[in-house]
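The values are calculated or read from the model by the stated rules, or taken from the named source; none is laboratory data. Note that this is a predicted model, so its numbers are computed, not measured. Because the Cβ atoms are built from the backbone with ideal geometry, glycine has one as well, and the counts that use them run over all protein chains shown. Just the protein is used for accessible areas: all its heavy atoms, side chains included, with ligands, DNA and RNA removed. Shrake-Rupley method; radii C 1.70, N 1.55, O 1.52, S 1.80 Å.
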Amino acid sequence: MRQATLLFLIQGDNILLAMKKRGFGEGQWNGVGGKPEKGETLEETAIRECQEEIEVTPLSLKHMADLKFYFPEADKDWNQEVKVYICHSWQGDPAETEEMAPKWFKISDIPYEQMWEDDKFWLPKVLAGKFAKGKFHFDEDKKLTRHSVNAE
């Protein structure tokens, strides 16, 4: 299973989401993140991806979730284990890039209907300060077919 990261910037009761402009997840709001480069830790990956995707340098990350995503056999290269981080301090102002268009949302107004279906099951737990572990299975149309989430 490939490793990946997901990072959310939090400021007070606001969360920064980014509209994916190309590639996997295009047209959906999400955090920033991606796959590690050779020799890179997952925390280093989260920082680099944040710099590349929204031109912000996270200063402190908190690991808040371990999520596993499973896709059908034809799309099994999309299977991934994702480490989710939140960040309350960073350098720079979020800026749009070729890949992502960032926007602040009130945590109470997160547009879950424009995100991956799984987000509504684990993200509220993370934002409530709980560590989440989850498994999510998708069909050929990238629709969620089953899931399990535990939070501590």
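Take the alpha carbon gyration tensor of segment 9-96, find the square roots of its eigenvalues, order them as a ≥ b ≥ c, and report rounded if a/c is under 1.5; if not, report prolate when a/b exceeds b/c, else oblate.
prolate
Check each of the trypsin sites (Lys or Arg not before Pro) in segment 29-90 and keep only those in coil by DSSP with at most 16 other C-beta atoms within 10 angstrom; list them in order.
Lys38
Kindly flag which residue pairs out of Lys68/Lys130; Lys38/Lys125; Lys103/Lys135 have an alpha-carbon separation exceeding 25 Å in this structure.
Lys38/Lys125; Lys103/Lys135
In terms of solvent-accessible area of protein heavy atoms at a 1.4 angstrom probe, what is the ranking of Arg146, Arg22, highest value first?
Greatest to least solvent exposure: Arg146, Arg22.
In the chain, once you exclude exposed chymotrypsin sites (Phe, Trp or Tyr not before Pro) (DSSP loop, at most 15 other Cβ within 10 angstrom), what's the longest stretch remaining?
Looking at the chain, 25-130 is the longest stretch - no exposed chymotrypsin sites (Phe, Trp or Tyr not before Pro) with at most 15 other Cβ atoms within 10 Å.
Using each residue's phi in segment 106-117, evaluate 6.51 cos²θ - 1.76 cosθ + 1.60 at θ = phi - 60° and report the 3J(HN,Hα) Karplus result to the nearest Hz, with x for Gly and Pro.
Those phi angles translate into 5, 4, 6, 10, 4, x, 4, 5, 10, 10, 4, 4 Hz.
Each residue of segment 84-89 in turn: what ³J(HN,Hα) in whole Hz from Karplus with 6.51, -1.76, 1.60 and θ = phi - 60°, glycine and Pro shown as x?
9, 10, 10, 9, 10, 9
How large is the accessible surface per residue of the chain, computed with a 1.4 Å probe and reported in Å² as a whole number?
For the chain, the solvent-accessible area averages 53 Å² per residue.
With charges only on Cβ, +1 for K and R and -1 for D and E, what is the dipole size of segment 77-152 about its Cα centre, in debye, rounded to 20?
Rounded to the nearest 20 debye, it is 540 debye.
Using a 10 angstrom cutoff on alpha carbons, build the Gaussian network for the chain and name the most mobile of Gly34, Gly12, Gly92.
Gly12
With a 1.4 Å probe and all protein chains left in place, how much of the accessible area of the chain comes from carbon and sulfur atoms, in whole percent?
45 percent
Using helices alone, what [θ] at 222 nm do you get for the chain, with -39,500 (n - 2.57) per DSSP H run of 4 or more residues, divided over all residues and rounded to the nearest 500?
-4500 deg cm²/dmol
For a quick check, take a GNM of the chain with Cα springs below 10 Å and name the residue from Ile54, Ile86, Ile107 with the largest mean-square fluctuation.
Ile107
Restricting to DSSP loop positions (anything but H, G, I, E, B) with no more than 16 other Cβ atoms inside 10 Å of their own Cβ, which GluC sites (Glu not before Pro) remain in segment 29-88?
In loop regions of segment 29-88 (DSSP not H, G, I, E or B), the sparsely surrounded GluC sites (Glu not before Pro) are Glu37, Glu40, Glu55.
Using all Cα-Cα distances in the chain, what percent lands in each 10 angstrom bin from 0 up to the longest?
Histogramming the chain at 10 Å steps yields 11, 43, 38, 7, 0 percent.
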